[in-house]
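One structure is given below, encoded as structure tokens.
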């Protein structure tokens with residue numbers, strides 16, 4: 001997934017914990033992309049509660 005999107009290296013590679021966080025950010029981006037493709041960006045923004 002990372003190589004497909006052009007991320008061919010770990011950006012925070014000082015430790016395993018930081019590398020894990022790097023992969024976590026990619027998974028979050030992937031899931032947000034899936035949600036926006038499924039329900040649309042307008043509906044997603046509408047579901048976010050205002051503070």
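Data table
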| item | result |
| --- | --- |
| Output for the range 18-41, where each listed residue is surrounded by 11 or more Cβ atoms within 10 Å (Cβ to Cβ) and at pLDDT below 85 | 18, 19, 20, 21, 22, 23, 25, 26 |
| Total residues in the range 6-17, condition modelled with pLDDT of 70 or more and either in contact with a strand residue (DSSP E or B) (Cβ under 7 Å, 6 or more places away or on another chain) or within 28 Å of residue 44 (Cβ to Cβ) (or both) | 1 |
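The values are calculated or read from the model by the stated rules, or taken from the named source; none is laboratory data. Please read these numbers as outputs of a predicted model, since none were measured by experiment. Glycine gets a Cβ as well: all are built from the backbone with ideal geometry, and neighbour counts include every protein chain shown.
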